[in-house]
Amino acid sequence: MRHIAVMTMTGSLGISFMFLVDMATLFWVSYLGVEQYVAAMGYAFAIQFFTISAGIGFMISATAMVSKSIGQGDFEQARRQTTSASILAFGSQLVVAVLVVLFRREILAMAGAEGETLEVAARFLVISVPSLPFMALGMIASGVLRAEGDAMRAMFGTLSAGLIAVVVDPVLIIGMDMGVDGAALGMVISRTASSLLAMWFVIRVHDLAGPVELAALRKFAKPFLLIALPAVATQMASPFGNAVMTRVMAEHGDAAVAGLAVVVRVGVLTFGGIFALSGAIGGIIGQNFGAGFMDRVKAAYRDALLFCFAYTMVSWAILALATELMVSAFHLGGDAAAVLRAFTHVAAFGYSFTGFIFVANAAFNNLGRPSYSTLSNWLRDGVLMYPACVVFGTFYAAQGVLYGQMAASIVAGLFAMVWGWRYVSHMEFSARTQPATSS
């Protein structure tokens, strides 16, 4: 439990500061007093969420591969895997970034944006999206640092992005009167600087990056993609669900979408530990699996679930107490304020069950069944999310969309938790009986 808590809380700080980039950006944009700008940021985030989630999928694959090699004591292989994963992640994100920039208006229209709100969001995307391939390098570096067990430097790498955003955003958005364009430029600066720092730690501190070799790239491309592709498919479920929520929320007007934009940022910032938990225990599970300690794998899974629930309850209480402060800080009124209150008072409870899904994902990804993660995530975001949001939205208007998300999370979270526990228990049983069988 102590190992899980330390790795998760340091990861939480890092991830929270990474999302603080978006939070700080949205705060200063809301300071301009134009509700359409806040709504535009909501639409733009819904699109960028897809590309960021793809990067997280690559990071999960790199962590699983490198942590297993380190657990087996093969550091030279770990170095070559780091370089190969970085090249594959950068190239893939570059292709995605080009496609998003080319078709940004069409994609935003599908999400429900229109008129001036769509144009503002499109301008934000064309400036900020080209930084995503470099952000992918930083995410791979962060995953490698966690595989090595260097939680502090992994935290500093992502924490730097938030610190830079806090300084740069008000200067660009307000001081230089660049508005939304300044917000996009600030995001590019913070993401790039953070990635450079994380890569410095991997290369200079731990010497965990090997030379660029075509032979190594060919060797590790297949095993990397065998984990990465289902991991990316798994990670894509969350932005798909967010896009569904945004599309349903758009039917209630720009004010409701503006409220959702704040809710999304507040949620990922407050519950950063939940997002960090999967990556934190991924390294723990991967190393112990590589070393053959299945009893520790099972203990890590159990303790992660307990930590997840306790963390969520404390965070939810703090969030509820800070509701009116956030309504005032983001200049929300009407439907936008009602959406935020619905989240902080009720719907935030669903994050505990979202955490259960992430814990199960970590087990599946690092124990050879990444496709199970894909199924559990898409159960929530691809199967349950839309009908739940529509039904609850029909009865409770804009607030009901958030209640629908919570209902989908509860059902899918309980399913994933039980499925993951049964799988880990089966793996432990097989490990115990194998010696007797072979003799």
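Based on this model, can you work out whether L269 counts as part of a helix (DSSP H, G or I), modelled with pLDDT of 85 or more and not small (G, A, S)?
No: the conditions fail for L269.
What number of residues within the stretch 331-368 satisfy the criterion of being in contact with a helix residue (DSSP H, G or I) (Cβ under 7 Å, 6 or more places away or on another chain), outside any helix (DSSP H, G or I) and modelled with pLDDT under 90?
Going through the stretch 331-368 one residue at a time, the tally reaches 3.
Go through (1) touching a helix residue (DSSP H, G or I) at 6+ places or on another chain (Cβ under 6 Å); (2) surrounded by fewer than 21 Cβ atoms within 10 Å (Cβ to Cβ); (3) within 30 Å of G210 (Cα to Cα) for V126 and report which single condition fails.
(3)
Quick one: would you say A97 is closer than 17 Å to I285 by Cβ, under 19 Å from the mean Cα position of the chain (by Cα) and part of a helix (DSSP H, G or I)? Working first, answer last.
On the way: closer than 17 Å to I285 by Cβ: no; under 19 Å from the mean Cα position of the chain (by Cα): yes; part of a helix (DSSP H, G or I): yes.
When the stated conditions are applied, A97 does not pass them.
Let me spell it out: the conditions are (1) touching a Pro at 6+ places or on another chain (Cβ under 9 Å); (2) without any contact (Cβ under 8 Å) to a residue 60 or more places away in the chain, and L375 meets all of them except one. Which number is the exception?
The single condition L375 does not satisfy is (1).
Determine whether A322 is crowded, with 21+ Cβ neighbours inside 10 Å and more than 23 Å from Y423 (Cβ to Cβ).
Details: crowded, with 21+ Cβ neighbours inside 10 Å: no; more than 23 Å from Y423 (Cβ to Cβ): yes.
No; evaluated as a whole, the condition is false for this residue.
Return the total of residues in the stretch 129-159 being at pLDDT 90 or above, among the small types (G, A, S) and surrounded by fewer than 24 Cβ atoms within 10 Å (Cβ to Cβ).
Residues flagged as at pLDDT 90 or above, among the small types (G, A, S) and surrounded by fewer than 24 Cβ atoms within 10 Å (Cβ to Cβ) within the stretch 129-159 amount to 1.
Among the numbered criteria (1) buried (at least 18 other Cβ atoms within 10 Å of the Cβ); (2) assigned to a helix (DSSP H, G or I); (3) modelled with pLDDT of 85 or more, which one does L306 miss?
All conditions are met except number (1).
Yes/no per residue for (1) in a loop (DSSP other than H, G, I, E, B); (2) over 30 Å from N366 (Cα atoms); (3) hydroxyl-bearing (S, T, Y); (4) modelled with pLDDT under 80:
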position	(1), (2), (3), (4)
I15	no, no, no, yes
V29	no, yes, no, no
L32	yes, yes, no, no
V38	no, yes, no, no
A44	no, yes, no, no
F49	no, no, no, no
A54	no, no, no, no
G57	no, no, no, no
S61	no, no, yes, no
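Looking at the structure I just gave you, is L277 surrounded by 15 or more Cβ atoms within 10 Å (Cβ to Cβ) and not in a helix (DSSP H, G or I)?
No; evaluated as a whole, the condition is false for this residue.
The values are calculated or read from the model by the stated rules, or taken from the named source; none is laboratory data. Here the structure is a predicted model, which means the values were calculated and not measured. Backbone-built Cβ (ideal geometry, glycine too); neighbour counts: all protein chains shown.
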